[in-house]
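**Q** First, the structure itself, so that you have it in front of you.
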Amino acid sequence: MTSGFRAVRGGVGIRLDADEAAVLHSMASLVLELVGPAEDGGGGEGGADSLEAMVGISGSAERPEDPVLARLLPDAYTEEGDTGAAADFRRYTEGDLRRHKRENAEAMAAALASLPPGGGELVLDVGDAHAWLKALNDVRLALGTRLEVSEEGGETRVRVEGASDQAAAHIYDWLGGVQETLVQALMGARRG
């Protein structure tokens, strides 16, 4: 990373080269692909489907089969025998959770799209910086799940099998550094 985030007047800033911006943009696109497109809010004509859409109830109560999506959209109740409560909770919250994750990734992608082709200085207000923080967390959760990242005895373990896993592990580590500097810059922006 050429530099990390730093506090600037009204928010945070970072200088990104073209490659860093491209990686971050592709990671935001990954989250958008995972959480899916925005629901159209459609449904029947005044029936239960349109009421469900209006109040944000998802038609899905099933835990995603994809382990990455299951990590991004976790069950609220993990105790044995609470499958009904978990399904109900998912029905009432998954739509909003997906929407928030999509909005955060879209904010990240939009900011990156504003950079010139060779990269440059990016300044985020505090609201956009928080959206970035959440989007970076989602990206790291997705990559960490694919790489089977685990903590054992205070040590982080990553499963690396081949060149693509090595590249993903490098991006995972790099994003951790970006995320850390963003947290520090936000704390500095609060003080300033």
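The values are calculated or read from the model by the stated rules, or taken from the named source; none is laboratory data. Everything numeric in this text was worked out from a predicted model, so none of it was measured. Neighbour counts are summed over all protein chains in view; Cβ atoms, including those assigned to glycine, are modelled from backbone coordinates with ideal geometry. These accessible areas exclude ligands, DNA and RNA; they are computed on the full protein's heavy atoms, side chains included. Shrake-Rupley method; radii C 1.70, N 1.55, O 1.52, S 1.80 Å.
**Q** Could you look through the stretch 160-190, keep only residues that are open to solvent by 60 Å² or more (accessible area, probe 1.4 Å) and in a loop (DSSP other than H, G, I, E, B), and pick out the one that is farthest from A131 (Cα to Cα)?
**A** The extreme case among them is E161.
**Q** Could I ask something else about it? What pairs come up if the first residue lies in the stretch 3-21 and is touching a residue at least 12 places away in the same chain (Cβ under 8 Å), the second is surrounded by fewer than 18 Cβ atoms within 10 Å (Cβ to Cβ) and of a type in the set (F, W, Y), and their beta carbons are under 9 Å apart, counting only those six or more places apart or on different chains?
**A** Every condition considered, the pairs that remain are E20/W174.
**Q** Test E39 against the stated conditions and say whether it is at pLDDT below 70, loosely packed, with under 13 Cβ neighbours inside 10 Å and farther than 27 Å from R190 by Cα. Break it down into steps so the answer makes sense when it comes.
**A** Values: at pLDDT below 70: yes; loosely packed, with under 13 Cβ neighbours inside 10 Å: no; farther than 27 Å from R190 by Cα: yes.
Criteria not met by E39.
**Q** Considering each residue of the stretch 142-159, count those that are assigned to a loop (DSSP other than H, G, I, E, B) and either in contact (Cβ under 8 Å) with a residue 24 or more places away in the chain or in contact with a strand residue (DSSP E or B) (Cβ under 6 Å, 6 or more places away or on another chain) (or both), and give that number.
**A** Restricting attention to the stretch 142-159, the residues satisfying the condition of being assigned to a loop (DSSP other than H, G, I, E, B) are 147-149, 153-154, 158-159.
Then drop every residue that is not either in contact (Cβ under 8 Å) with a residue 24 or more places away in the chain or in contact with a strand residue (DSSP E or B) (Cβ under 6 Å, 6 or more places away or on another chain) (or both), which leaves 147.
Of the residues in the stretch 142-159, 1 are assigned to a loop (DSSP other than H, G, I, E, B) and either in contact (Cβ under 8 Å) with a residue 24 or more places away in the chain or in contact with a strand residue (DSSP E or B) (Cβ under 6 Å, 6 or more places away or on another chain) (or both).
**Q** Okay, moving on. On the basis of being within 29 Å of E180 (Cα to Cα), touching a Leu at 6+ places or on another chain (Cβ under 8 Å) and modelled with pLDDT of 75 or more, does R9 make the cut? Working first, answer last.
**A** On the way: within 29 Å of E180 (Cα to Cα): yes; touching a Leu at 6+ places or on another chain (Cβ under 8 Å): no; modelled with pLDDT of 75 or more: yes.
For R9, the condition - within 29 Å of E180 (Cα to Cα), touching a Leu at 6+ places or on another chain (Cβ under 8 Å) and modelled with pLDDT of 75 or more - is not met.
Yes/no per residue for (1) aliphatic (A, V, I, L, M); (2) under 15 Å from I14 (Cβ atoms); (3) under 15 Å from the mean Cα position of the chain (by Cα); (4) open to solvent by less than 30 Å² (accessible area, probe 1.4 Å):
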{"residue": "L73", "(1), (2), (3), (4)": "yes, no, yes, yes"}
{"residue": "R99", "(1), (2), (3), (4)": "no, no, yes, no"}
{"residue": "R102", "(1), (2), (3), (4)": "no, no, yes, yes"}
{"residue": "M108", "(1), (2), (3), (4)": "yes, yes, yes, yes"}
{"residue": "S114", "(1), (2), (3), (4)": "no, yes, no, no"}
{"residue": "W132", "(1), (2), (3), (4)": "no, yes, yes, yes"}
{"residue": "L136", "(1), (2), (3), (4)": "yes, yes, yes, yes"}
{"residue": "R140", "(1), (2), (3), (4)": "no, no, yes, no"}
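**Q** Let me ask something additional. Select from the stretch 65-85 the residues that are within 30 Å of L30 (Cβ to Cβ) and outside any loop (DSSP other than H, G, I, E, B) and write down the one among them that is modelled with the highest pLDDT.
**A** We begin by selecting, within the stretch 65-85, every residue within 30 Å of L30 (Cβ to Cβ); these are 65-78, 83.
After this cut, where a residue has to be outside any loop (DSSP other than H, G, I, E, B) as well, the list is 67-72, 83.
Details: P67: 90, V68: 93, L69: 89, A70: 87, R71: 89, L72: 90, T83: 70.
In this case the residue turns out to be V68.
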